[in-house]
Each structure stands twice: as C-alpha cells, then as structure tokens.
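Following: one structure in structure tokens, then a few remarks.
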Amino acid sequence: MALAGRLSAARDGGADRQLLEVREDNAGALSFYAARGFVEVDRRRRYYRDGATAVVLRRGLGPACGGS
C-alpha cells in the first residue's frame, strides 16, 4: 500500500498521528518523508543492529496533532 493509502487508513481507523523511524544516514528517505509533512521528533541512538541512529518522524493526521 502506498504512503497516502496508509495515512488514510490510519486516519479512518481513528489515529491522530503517524510515527516512523528512518536511519539517520538515509538522506533519500528523510527527504521523501519531509516533503510529505513528517517532522523529526526524536533520535534513537544505536537503534539498529549495526549501531546506526534512527530518526523518529511524526506526521499529524488530525487537527489535534497538527494535521488536516
């Protein structure tokens, strides 16, 4: 399922935000999600097995969480 479909399904299911983790060194993914309204809310050091950091991203899905 494409990102838009997942966000719609989450919203329809009552979610007010979407969270995900992206590797800190994955510039393409970070750019992709930023262009779709995701913002960084945290970093998880040594999150991945190889010791890489994860960037936690959030996108609001409803007015209470900064979405539409």
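The values are calculated or read from the model by the stated rules, or taken from the named source; none is laboratory data. The model shown is predicted, which means the values in this text are computed figures rather than measured ones. Please note: Cβ atoms are built from the backbone with ideal geometry, for glycine as well, and neighbour counts cover all protein chains shown.
Just one of the numbered conditions (1) in contact with an Asp or Glu (Cβ under 8 Å, 6 or more places away or on another chain); (2) in contact (Cβ under 8 Å) with a residue 40 or more places away in the chain is not true of A52; which one?
(2)
State which residue is nearest to A4 (Cα to Cα) when the search covers only the range 36-53 and only residues that are within 11 Å of the chain's Cα centre (by Cα) and at pLDDT 95 or above.
So the residue we want is F38.
List the residue pairs whose Cβ atoms are under 6 Å apart, where the first residue sits in the range 14-33 and is farther than 17 Å from A52 by Cβ, the second is loosely packed, with under 15 Cβ neighbours inside 10 Å, and the two are 6 or more positions apart or on different chains.
That search, which allows pairs on different chains as well, returns D16/G62; D16/A64; D16/C65; R17/C65.
Check whether at least one residue in the range 17-28 is among the basic types (K, R) and either in a loop (DSSP other than H, G, I, E, B) or modelled with pLDDT under 95 (or both), and report yes or no.
The answer is yes, given that some residue of the range 17-28 is among the basic types (K, R) and either in a loop (DSSP other than H, G, I, E, B) or modelled with pLDDT under 95 (or both).
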